[in-house]
1. Of all residues being part of a loop (DSSP other than H, G, I, E, B) and without any contact (Cβ under 8 Å) to a residue 24 or more places away in the chain in region B:41-54, which is nearest to the other protein chains (Cβ to nearest Cβ)? Just the residue, please.
2. For region A:67-115, give me each residue that is more than 14 Å from every other protein chain (Cβ to nearest Cβ) and charged (D, E, K, R).
3. Quick one: which helices (runs of 4 or more DSSP H) lie wholly within region B:71-185 and hold at least 3 residues that are out of contact with any Cys (no Cβ under 6 Å at 6 or more places or on another chain), more than 12 Å from every other protein chain (Cβ to nearest Cβ) and not basic (Lys, Arg)?
4. How many residues does region A:83-111 contain that are in a loop (DSSP other than H, G, I, E, B) and more than 23 Å from the chain's Cα centre (by Cα)?
5. Identify, from the list A:31, A:55, A:16, the residue that is touching an Asp or Glu at 6+ places or on another chain (Cβ under 9 Å) and closer than 21 Å to residue A:179 by Cα.
6. Residue check: is residue A:59 more than 7 Å from every other protein chain (Cβ to nearest Cβ), surrounded by fewer than 21 Cβ atoms within 10 Å (Cβ to Cβ) and free of Cβ contacts under 8 Å to residues at least 60 places away in the same chain?
7. Testing residue A:78 on (1) part of a helix (DSSP H, G or I); (2) surrounded by 17 or more Cβ atoms within 10 Å (Cβ to Cβ), one condition comes back false. Which one is that?
8. For the condition touching a residue at least 12 places away in the same chain (Cβ under 8 Å), under 30 Å from residue A:69 (Cα atoms) and not polar (S, T, N, Q), what is the one hit in B:99, B:119?
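The values are calculated or read from the model by the stated rules, or taken from the named source; none is laboratory data. From a predicted model like this one, the values you see are computed outputs, not experimental measurements. Don't worry about glycine lacking a Cβ; one is built from the backbone with ideal geometry, like all the others, and counts go over all protein chains shown.
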Amino acid sequence: MRQIDAKEITRAVKEAAITANFDLGEDMLAAFKRGEKEEESPSGREVFRQLLENAKIAATERVPMCQDCGLAVIFVELGQDVHVTGGDFQQAIQEGVRQGYGEGFLRKSLCHPLTRANTGDNTPAVIHTEIVPGDHLKITIVPKGGGSENMSRVFMLKPAEGLPGIIDRVLATVREAGPNPCPPIIVGVGIGGTFERAGILAKKALLRHVGSVNPEPELAALEKQLLQGVNDLGIGPQGLGGRITALAVHVVMQPCHIASLPVAVNIQCHAARHKEVVL
Amino acid sequence: MSKTVHLRPPLTDGDVVQLEIGDKVLVTGVIYTARDAAHKRLMDLLAAGKELPVDFKGQILYYVGPSPAKPGRVIGAAGPTTSYRMDSYTHTMLQLGLKAMIGKGKRAPEVIAAMQQYKAVYLGATGGAGALISQCIKKAEVVAFPELGPEAIHRLEVENLPAIVINDCQGGDLYELGVKEYRRSAETRDNAAECR
């Protein structure tokens, strides 16, 4: 049984929260560079140029790339041979978020749903924990902005609607979102499971590297078809019109009830931040 | 053909009516910030017959909730937030004399109509370019509702803050026009690929 100190978890989460907000992933930077070259609309190319400059300023001056430093969504893979010592596991993560958002001068964006009073420290984070074989602890922090989250949807389709129904809902979600979620976007699609599982699958789909190919050929084909459909909408960077509305569509699928076909569409803005730490 | 216009508030009707969708705008001078929570407070003050903390006549409102300033910096990241959340308050703001709003994302048809009625414009800044835009901000101070934190009303002094005219006071909408230009069916896409 491997022991991991709760303080180590707090420290890892704190650092990940800060660096996720300062340093955009290489996959996103490469996608911006490609966009700057390939986008047909002049205003769209200008947006890509600004996003590259923005990412550079954030990384070199150590400031957040976007003022919306997100609600901290945290995916945890906890090895079953790990014993967390010296404190409460969940609290250790929340404390890491508290310290990261405080010390990193990140915006605290959480509030009471009704009074709208800010919680003051960006907690509570939303934590999804999975127990897995092994003695490692993997923590992935996803600071999720409100603008793109607001444009996300869950649909409970009739099984008869099938694949055409899924494609229709994904395209409708992106079309209705238009310029609001800060395109160019990443579209995460979760198919199957239950009402809540579909949403988690869609969010997990956002973590995959932009430019990677889905290992399941049927899903890879669907992703390609959806990406073309989304980009044919013409929304373009910042919604000003253009060929590149989405940089990627990622699909994750799992079996569902014989009566159901849950589909979740989670939209991610171009500040597609995620940082993984393995302890 | 789009043009580049320098705007310096307070704005007159003349400043605003010359603007057309697609024009590039560079804002220099004093602007104010407000998101939904601050708008709600303003409406509550008006309903109670109290004085507002800012005279919005001729002013530009920037929909932004900046991240905190690091020591030695004026402000944190400061890009636009999604504007539709302010739509229900906008008619009243325009009645107060507000001349321009900076944000990102679509406005409701009734807001676009009210912009025509009161001669005002809606400008789009690049959403998510918070670090870049913050470099145009030379001074920042909270002037109302400090308890709202990032949602407080800030007075910003800006230099050449870049934006683009999304809705002008003739009822034009750059989002609709731009998307129409690039929207295509699968058939036209395949034909375009063959021609290449």
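1. Pass one, region B:41-54, residues part of a loop (DSSP other than H, G, I, E, B): B:48-54.
Next, only the ones that are without any contact (Cβ under 8 Å) to a residue 24 or more places away in the chain stay: B:48-51.
Details: B:48: 19, B:49: 23, B:50: 20, B:51: 23 Å.
Step by step, filter region B:41-54, then rank; the result is B:48.
2. Within region A:67-115, A:77, A:81, A:88, A:95, A:98 qualify.
3. Working: elements: B:87-95, B:109-118, B:130-134, B:174-182.
The helices (runs of 4 or more DSSP H) meeting that bar are B:87-95, B:109-118.
4. In the first step, residues of region A:83-111 are kept if they are in a loop (DSSP other than H, G, I, E, B); the result is A:86-88, A:104-110.
Those still in the list that are more than 23 Å from the chain's Cα centre (by Cα) too: A:86-88.
So the count comes out to 3.
5. Working: A:31 fails: touching an Asp or Glu at 6+ places or on another chain (Cβ under 9 Å); A:16 fails: closer than 21 Å to residue A:179 by Cα.
Every option except A:55 fails the conditions.
6. Numbers: more than 7 Å from every other protein chain (Cβ to nearest Cβ): yes; surrounded by fewer than 21 Cβ atoms within 10 Å (Cβ to Cβ): yes; free of Cβ contacts under 8 Å to residues at least 60 places away in the same chain: yes.
For residue A:59, the condition - more than 7 Å from every other protein chain (Cβ to nearest Cβ), surrounded by fewer than 21 Cβ atoms within 10 Å (Cβ to Cβ) and free of Cβ contacts under 8 Å to residues at least 60 places away in the same chain - is met.
7. In the conditions (1) part of a helix (DSSP H, G or I); (2) surrounded by 17 or more Cβ atoms within 10 Å (Cβ to Cβ), residue A:78 misses (1) alone.
8. B:99
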